[in-house]
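Take a look at the structure below.
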């Protein structure tokens, strides 16, 4: 499968048009402001100030912000954004060492330790800078950082691949690998692919290396990557690595590596993924844990990890397309990814719990032991702010995940209102999703079209140029050959449905979630009052849309009211209620409170 | 209420006779062996050995073992046990400093820090040594340690109460307070009561003191004790303090302090106690947390904390008797306390989870992060082995909690097969409890008898000298005046009953536990296979006794079988099973596996 880049796709309206406007007009501006206030942009000037040392991964924050800016500037003029980007680029290029090295922390504060401290994110930062440089270059925004990062990549190649005189073999946090593949794609220079390949294959072969945490599995160092068949360790590290593995497997036609990637994907989606698409369930190191260990209130489920899983789905589809990759992409996108950002575009979640009890939060405040405490409010850029600019760069590039080609076929994988030219035909989508099931696809030209049937749809009605047609579905795609001007009206059956977790997910036994189309719904105390764990939904038969600040569905439910005693022989008594459900991604926008996804 | 000491009560048969035999013949011996192997007894010799430093609380382990030995030797001859006790007592007395001080850690390794390090358990150890000395003295076993500890108490009185030149005001771990009350009761010397009172009242008035953890609430230092109306901080510390507060309130007739104790009791039993009687639900500092926060798999519920709650119930009943204190005592005793020990009497639990999933254990083993890991196997004496000798001393003294007097009335609070003389009458109990509801009480003499009706009993049939009598029940006690030789046959209705938790206990919403008499039952995978979270019990109608290594009840249940997918639109299908339930205290005696108390 080959995708159409977002720069060739225009988002024309609806849900994602609004989201991208908010992204470009609020989020990216606000992150800039907060990065400035917290000294991140200042750090790029590389002026030593012992009192305000940058964090070792601040370069990557700036890089992802630059990539977000590039993705916006690729599509529209914004002089202020351009000027801010130029200043940061200027600082980085000016301060790059003659050898090509750049790291605002190490070269200023610990030059003697350059490439000596494996866990400290040096190559991770380099990777994000390379990604930013490629994005800026391909957006036609800037070539200076591109040149600088090629020089840096050459220096890394020299030190790690040719001389092998660095203090470690592979980075403690994968990222450089996938960035080098992007640089290879952009420059065509084989050495970057070789270096990516080298970093991938060396991993897990040097157990003598220093670990930030005490266990190799955290860094995916427990075995050579081809022997890694289950997703282990820090989720973002793991997924960034798997993305690069999938890239290399595809480019080199390496079947064994592709199979390894598929095995990792299966382990994740069959055993280690939240209903929201979240991964990395444990607070202990933000890691994958054991199969079916998916706690709700203590879900970690980092926003970056969700974005990474979406990227991984896309990369796997590029090796050998299957509808399932797009189903998981859709689940991750509309739930965990979007939950990472507040409705106003200014606040962000790093951790995305699937359940909230206010007292947990208050209690932990009281004891000042916030380490293990899920937080019920998004904040504007935090200490470890990898997620905010990761989200903005991703939202801005959403156009890349809609259209694709496979052989002669033109695929529509996501129903996002947009238009493009693909395979010689003009294609345009008008979509109600995620809140409705109606989609109109207009094609002008010849196209062997494949329209994905979402996993959640209970059926589809189809009209071609106004005439009812029985859809021909194969492998979860509707097949229709278009020639000339054709309007395809699809009406995917959408409605509230119960979803049940595997019985081994012991947090969810006896409970069920409610989905509406691609959306996982939740109940909040803002709509429904106090404790929500005692809410039982017997049937969704009477579910109906209701007024609300967000998309709201009202369902008949009951609260199981117990006696006042701590323990009683009296069974709780059901009390009828009209339960309001909203999309999970809309939660925590109306003050602190309880939230629930899994109901009795 | 005044109790009859266990030394005046003979346990005549049944459940506790067996338990005490195991205690005296296996547990106390085995703990001695393990304490010897781990260097605890050697430490009493006070020979400096930098490579094998004792822990700061080892004196208290030895003290509780000595108290266990005293409680056994009070009732029977055991030369070997006596010789071991004598050796330890000799070591302690020989090494006591001329001033009276004794601490096997501080006087040998940090003499310059004697009474300078508040969190380091010095007065806690002194308290346990005093308790042991009183027990040995009152058992007629030994007076040397008694004399030595009086001297030590006098020294503490001098330093903390008279000169006030120690480095702190109150101990980081309460225990000395209740021990001083025992010494006051034993010697009649007012100064020990004054000192106990002083330690209680000074607590929470010196916030400048050094804390082991960063928050005063952990040590009950957040306010003067009379202002503490809710149970907070480290559960064992809290309960040991409350016990002493209740003692002092009773002795001094201090109504305000008694009310504070009652308020603390209410907070615990109404909001912070497991169905097993466990308290201190959090792994973060073994603490009480916020109301209704009672996680099952990550229950902390230390064995010592359960024993302490039993003591607290007894002390409160002594101020002003109510049946509820004995109900909670019974719940704690038959569930959390007894779960602390293995069936063979050799292994012990420090932490008592209410649910177990083997994979949690294995996973944590794998990652070597055992800190937050509940363990599914009892072990023979561990690093922090406060619980094993606490259990042995308590089991040996169980006779103290059966009979009591209040005014002219003779109370029977627990139905444990035993005999005694009380209020001029001979009283004898034959009891089937905990496995049956039949009890026979024989009285010879005059007694205004009060027989407690257990909270779990669904009714009681009564015969006096073979003749059916309608019981006269007031405040949960059957009242019957005895004169001469009388046999009272009670048949308390016993059977499996569902118990529901308060709706605010969100871990248990939609679930119910099964109790049989005083016993909380559980299911283990040893009887029932794999995951038990998906087990639903609709009714207990068909419950019947079944064969098994332990008391076993078989009930009709169903397992909710899901599809193999991680998430599915298909509801799980119930599969009929015969579920075997055993007493919670019998769990974890047949290898590692899953365990469940709360069922769908």
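The values are calculated or read from the model by the stated rules, or taken from the named source; none is laboratory data. The structure presented is a predicted model; accordingly, all values stated were derived computationally and were not measured. Note that each Cβ is placed from the backbone with ideal geometry, even for glycine, and that neighbours are counted across all protein chains shown.
With respect to the conditions (1) more than 25 Å from residue B:507 (Cα to Cα); (2) in contact with a helix residue (DSSP H, G or I) (Cβ under 7 Å, 6 or more places away or on another chain), residue B:328 falls short on a single one, namely (1). Applying a threshold of 6 Å to beta carbon distances and a minimum spacing of six or more residues, or different chains, the list of pairs starting in the range A:571-600 at a residue that is at pLDDT below 95 and ending at one that is in a strand (DSSP E or B) reads A:593/A:524; A:594/A:356.
Conditions tested, residue by residue: (1) assigned to a loop (DSSP other than H, G, I, E, B); (2) surrounded by 24 or more Cβ atoms within 10 Å (Cβ to Cβ); (3) under 16 Å from the mean Cα position of the chain (by Cα).
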{"site": "B:258", "(1), (2), (3)": "no, no, no"}
{"site": "B:263", "(1), (2), (3)": "no, no, no"}
{"site": "B:266", "(1), (2), (3)": "no, no, no"}
{"site": "B:273", "(1), (2), (3)": "yes, yes, yes"}
{"site": "B:278", "(1), (2), (3)": "yes, yes, yes"}
{"site": "B:285", "(1), (2), (3)": "yes, no, no"}
{"site": "B:292", "(1), (2), (3)": "yes, no, no"}
{"site": "B:305", "(1), (2), (3)": "no, yes, yes"}
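Every condition in (1) within 14 Å of chain B (Cβ to nearest Cβ); (2) in contact (Cβ under 8 Å) with a residue 24 or more places away in the chain; (3) farther than 13 Å from residue A:401 by Cα holds for residue A:328 except the one numbered (3). All conditions but one from (1) within 14 Å of another protein chain (Cβ to nearest Cβ); (2) assigned to a loop (DSSP other than H, G, I, E, B); (3) surrounded by fewer than 23 Cβ atoms within 10 Å (Cβ to Cβ); (4) touching a helix residue (DSSP H, G or I) at 6+ places or on another chain (Cβ under 9 Å) apply to residue A:590; the one that does not is (1).
Taking strands (runs of 3 or more DSSP E) as the structural unit, those lying wholly within the range B:458-560 and holding at least 2 residues that are in contact with a strand residue (DSSP E or B) (Cβ under 8 Å, 6 or more places away or on another chain) and free of Cβ contacts under 8 Å to residues at least 12 places away in the same chain correspond to B:467-469, B:544-546.
Entry remark, the range B:339-383: residues being within 14 Å of chain A (Cβ to nearest Cβ), modelled with pLDDT of 90 or more and crowded, with 23+ Cβ neighbours inside 10 Å number 3 in total. Consider residue B:389 carefully, then state whether it is modelled with pLDDT of 90 or more and farther than 28 Å from residue B:494 by Cα. Criteria met by residue B:389. For the range A:429-444, what are the residues that are in a loop (DSSP other than H, G, I, E, B) and crowded, with 23+ Cβ neighbours inside 10 Å? A:433, A:434, A:437, listed by residue number. If you go through the range A:410-428 and keep only what is in a strand (DSSP E or B) and without any contact (Cβ under 8 Å) to a residue 60 or more places away in the chain, you end up with A:410, A:412, A:425, A:426, A:427.
Being within 12 Å of another protein chain (Cβ to nearest Cβ) and in contact (Cβ under 8 Å) with a residue 24 or more places away in the chain is the filter here; which residues of the range A:239-270 pass it?
Narrowing the range A:239-270 to residues within 12 Å of another protein chain (Cβ to nearest Cβ): A:266-270.
Of everything in the range A:239-270, those that are within 12 Å of another protein chain (Cβ to nearest Cβ) and in contact (Cβ under 8 Å) with a residue 24 or more places away in the chain turn out to be A:267, A:268, A:269.
Looking across the range B:535-556, just one residue is in contact with a helix residue (DSSP H, G or I) (Cβ under 9 Å, 6 or more places away or on another chain) and within 14 Å of chain A (Cβ to nearest Cβ), and that is B:535. Per this entry, residue A:59 is counted among residues that are under 22 Å from the mean Cα position of the chain (by Cα) and over 21 Å from residue A:337 (Cα atoms). Looking across the range B:509-533, the residues that are out of contact with any helix residue (DSSP H, G or I) (no Cβ under 7 Å at 6 or more places or on another chain) and more than 9 Å from chain A (Cβ to nearest Cβ) come down to B:514, B:516, B:517, B:523, B:524, B:525, B:526, B:527, B:528, B:529.
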